[in-house]
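Asks: The structure follows.
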Amino acid sequence: MAANCKNPRPKAGAYRRFLSLVLVTLVGVLLLVVLLGTNSVSNFVSQSPNESSVKDLRPRYNYTDYRLIPNLPKQSELSIQLEKLNQLRPRNTDLYPKLAKNHITIVLYVHNRPQYLKVVVESLSKVVGISETLLIVSHDGYFEEMNKIVEGIKFCQVKQIFAPYSPHVFPDSFPGVSPNDCKDKDDAAKKHCVGKPDQYGNHRSPKIVSLKHHWWWMMNTVWDGLKETEGHTGHILFIEEDHFIFPNAYRNLQKLAALKPKLCPDCYAANLAPSDVNSRGENWDCLIAERMGNVGYSFNRTVWRKIHTKAREFCLFDEYNWDITMWATVYPSFGGPVYTLRGPKTSAVHFGKCGLHQGHGEKGVCIDNGAVNIAVEDVDKVVNINSKWEVRFSENQPGYKAGFKGWGGWGDERDRALCLKFAEMHHFTSTDSVLSSDD
């Protein structure tokens, strides 16, 4: 009788249990892959996060828990959610698994002007080399339409961060509007209200102070609070939601950053655009060193460390604009001219027609038909920086004269104290003391 060479058939019950186990395991793995790949912010915000999700979102480095820092405003539920969202990994890593070795991280800081943001995102999608780098979008508060636009970006790795102490996140308490806050030119003693006015007698406006708060929080977070930038030693480019970026911007900036140590060792930064926002450049055959502008500016960690040491100058100056604060008090404290290096033709354009947080809603639109009329020529699509050019220094630069005290809007001690805490939040340990407004 021939021997039976077939494998013995397993029992039917054991076989079914084995198949069930395999199927459950596969479903679990697929679900995990989907969740890690999407990192959908809107889905997360719609849920009520629990303690286990907090633990899972914390990175494996010196992450600062705001709850450990004394004298910070009590967080709202939304503020706590946003703090957790900031720990999510970048999206699109499945499409772009590796960043270029010499990449320049781009930070886009936004408020609530969705029509502007659409234009900026569209311009970024056409930038040569954009897929090589990481785009960090910093939100001043949480606005669903703004979030949806960012979640639709597919041309590079994207990480979103949200200012958890934005006034827009606190509808009925500081840093938002408190019920007993003084308003306009109220007399605090007569009205029995809370608040210290600025040098012109005006009390704080949360909508206005949020600009300076967001910029300072963003800078401290990007340089000192994110795992993604922890070891980044190169330049970081900062742009805003009303900056149109030309296709050659990234490659031009890489070249400027590489040339700066040799051609302009005293330059602190590299800019994509002239400091005069109305200028498109001189079209000279040379590079220009001038005052650092606020459109498409970039610098490295060494410069940030120098800026960070001037936290008191930044936070105590009665001026609600971050850029005027930098020009009027921080840069002058460096002890010499603060130059930035740029090309003779702009690679970025400021197109905003309204300031602050206007421009959203059907009646307050500040952009023509949801589009901008910016001509992009062939020269704007290729690198137009020549490494053989000399550098021309702008000697007589416009600026704020000695004695300028600011335009106000930043007189409340609570805003100043919060600003100082942002400078300390990523350097805090449980045994450290935190800067207060009366230090």
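The values are calculated or read from the model by the stated rules, or taken from the named source; none is laboratory data. Keep in mind that this is a model prediction, so the values were computed, not measured. When we count neighbours, we look across all protein chains shown, and the Cβ atoms used for this are built from the backbone with ideal geometry, even at glycine. In case anyone asks, the SASA skips ligands and DNA or RNA and just uses the protein heavy atoms, side chains included. Shrake-Rupley method; radii C 1.70, N 1.55, O 1.52, S 1.80 Å.
Asks: Give segment 156-190 a look and list any residue that's surrounded by 14 or more Cβ atoms within 10 Å (Cβ to Cβ) and basic (Lys, Arg), or say none.
Replies: Within segment 156-190, just Lys159 meets the criteria.
Asks: Tell me which residues, restricted to segment 312-348, are closer than 21 Å to Trp223 by Cβ and open to solvent by less than 10 Å² (accessible area, probe 1.4 Å).
Replies: Matches in segment 312-348: Phe314, Cys315, Thr325, Met326, Val330, Thr340, Leu341.
Asks: When you scan segment 384-404, do you find a residue that is among the β-branched types (Val, Ile, Thr), part of a loop (DSSP other than H, G, I, E, B), within 28 Å of the chain's Cα centre (by Cα) and modelled with pLDDT of 95 or more, even just one?
Replies: Yes, segment 384-404 has at least one match.
Asks: Right, something else. Within segment 241-252, does at least one residue satisfy the condition of being of a type in the set (Phe, Trp, Tyr) and closer than 25 Å to Phe422 by Cβ?
Replies: No; the residues of segment 241-252 include none that is of a type in the set (Phe, Trp, Tyr) and closer than 25 Å to Phe422 by Cβ.
Asks: Picking from Tyr116, Tyr142, which residue would you name as being aromatic (Phe, Trp, Tyr), open to solvent by 10 Å² or more (accessible area, probe 1.4 Å) and either part of a loop (DSSP other than H, G, I, E, B) or touching a Gly at 6+ places or on another chain (Cβ under 9 Å) (or both)?
Replies: The match here is Tyr142.
Asks: When you scan segment 195-203, do you find a residue that is hydroxyl-bearing (Ser, Thr, Tyr) and open to solvent by 70 Å² or more (accessible area, probe 1.4 Å), even just one?
Replies: Yes, there is a match, as at least one residue in segment 195-203 is hydroxyl-bearing (Ser, Thr, Tyr) and open to solvent by 70 Å² or more (accessible area, probe 1.4 Å).
Asks: Okay, next question. Tell me whether segment 277-298 contains one or more residues that are without any contact (Cβ under 8 Å) to a residue 12 or more places away in the chain and under 22 Å from Asp380 (Cβ atoms).
Replies: Yes: one or more hits.
Asks: Looking at (1) open to solvent by 70 Å² or more (accessible area, probe 1.4 Å); (2) closer than 21 Å to Leu108 by Cβ, find the lone condition where His243 falls short.
Replies: That leaves (1) as the condition not met.
Asks: Taking the stated definitions as given, is Leu134 crowded, with 22+ Cβ neighbours inside 10 Å and either in contact with a Lys or Arg (Cβ under 9 Å, 6 or more places away or on another chain) or among the polar types (S, T, N, Q) (or both)?
Replies: yes
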